[in-house]
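Data first, discussion second: the structure below is written as structure tokens.
The values are calculated or read from the model by the stated rules, or taken from the named source; none is laboratory data. As the structure is a prediction and not an experimental result, all values here were calculated from the model. Virtual Cβ from ideal backbone geometry, glycine too; neighbours counted across all protein chains shown.
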């Protein structure tokens, strides 16, 4: 008998699975570290995955 496997997570189509990105602002702080801003994908809220769509309609 075959073993059941969990389905693979659905990758977000808007960000291709890269939900967050660190963007440098070009400057450095007084300790010499780069200043960065984190940008999250608005569709998946930074997770990189999407939930399954719920199908609408009657089942026969």
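If I filter region 42-51 down to residues being assigned to a loop (DSSP other than H, G, I, E, B) and in contact with a strand residue (DSSP E or B) (Cβ under 8 Å, 6 or more places away or on another chain), which single residue comes out as modelled with the lowest pLDDT? Out of the qualifying residues, it is 51. Take the conditions (1) at pLDDT below 90; (2) in contact with a strand residue (DSSP E or B) (Cβ under 8 Å, 6 or more places away or on another chain); residue 54 misses just one of them, which is (2).
If the condition is being under 28 Å from residue 11 (Cα atoms) and either exposed (fewer than 10 other Cβ atoms within 10 Å of the Cβ) or at pLDDT below 90 (or both), then region 26-41 contributes 37, 38.
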